[in-house]
1. Could you please report the charge total around residue 83, scoring K, R as +1 and D, E as -1 over all other residues with beta-carbon less than 14 angstrom from its beta-carbon?
2. What net charge do the residues around residue 61 carry, taking every other residue with its C-beta under 14 Å from that of residue 61, with Lys and Arg at +1 and Asp and Glu at -1?
3. Keeping all protein chains in place, calculate the accessible area per residue for segment 63-105 (probe 1.4 angstrom), answer in Å².
4. How high is the relative contact order of the chain, given as a whole-number percent (alpha carbon pairs under 8 Å, six or more residues apart)?
5. Under a 5 Å amide H to amide H cut-off, with H placed in plane at 1.01 Å, what residues pair with residue 29 once short-range neighbours are removed?
6. Taking every pair of distinct Cα atoms and averaging 1/r, then inverting, what Kirkwood hydrodynamic radius in Å comes out for the chain?
7. In whole percent, how big is the carbon plus sulfur part of the accessible area of the chain, probe 1.4 Å, protein atoms only?
8. Which whole-Hz couplings ³J(HN,Hα) result when phi for each residue of segment 12-28 is put into the Karplus expression 6.51 cos²θ - 1.76 cosθ + 1.60, θ = phi - 60°, listed in order with x for Gly and Pro?
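The values are calculated or read from the model by the stated rules, or taken from the named source; none is laboratory data. Since the model is a prediction, treat every value here as computed from it, not as a measurement. Note: ideal-geometry Cβ built from the backbone for every residue, glycine included; neighbour counts use all protein chains shown. Accessible surface areas use protein heavy atoms only, side chains included; no ligands, DNA or RNA. Shrake-Rupley method; radii C 1.70, N 1.55, O 1.52, S 1.80 Å.
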Amino acid sequence: PSKENTMDLDQVTEGLRARVGDDGGIDATIKFDFGDDGLIFFDGESTPNTVTNEDRGADCTISITLENFLKLVDGDLNPTTAFMMGKLKIDGSMGIAMKLQSLLG
């Protein structure tokens with residue numbers, strides 16, 4: 001049985017790295033916590049920006065399933081709706097999380 005839109009953590013990490021480029025315009029550190037699927041750490045304070053799978057402390061931690069993260073990036077899930085429905089949890093700076101919309105959108 002084939003699943004649509006099945007990407008593993010490495011592919012998602014590469015995709016985010018490509019999206020961010022050298023400067024994603026977010027001067028902060030963000031951790032995407034995908035639970036059992038792993039995590040992505042984005043360092044917007046370094047130049048060039050780095051995207052890794054290291055578990056480090058961040059200014060903002062976003063907890064979301066990998067499946068919902070992919071829907072968010074594809075535009076199939078509205079970030080505000082996801083947050084209201086509890087599919088997306090933010091720990092830390094809400095302002096940083098808001099900046100992410102431009103990066104991911």
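1. +2
2. On the way: positive: 31, 56, 89; negative: 33, 43, 54, 55, 59, 91.
Cβ neighbours under 14 Å give a net charge of -3.
3. On a per-residue basis, 58 Å².
4. Worked out over the chain, it gives 24 percent.
5. When sequence neighbours closer than 5 places are left aside, the close amide H contacts are 44, 59, 60.
6. On the way: mean 1/r = 0.0726 Å⁻¹.
When all Cα pairs of the chain are included, the Kirkwood radius is 13.8 Å.
7. Numbers: 2950 of 6100 Å².
Taking all protein chains in place, the chain shows 48 percent carbon and sulfur surface.
8. Values, residue by residue: 5, 4, 4, x, 5, 4, 5, 5, 6, x, 7, 8, x, x, 10, 8, 6 Hz.
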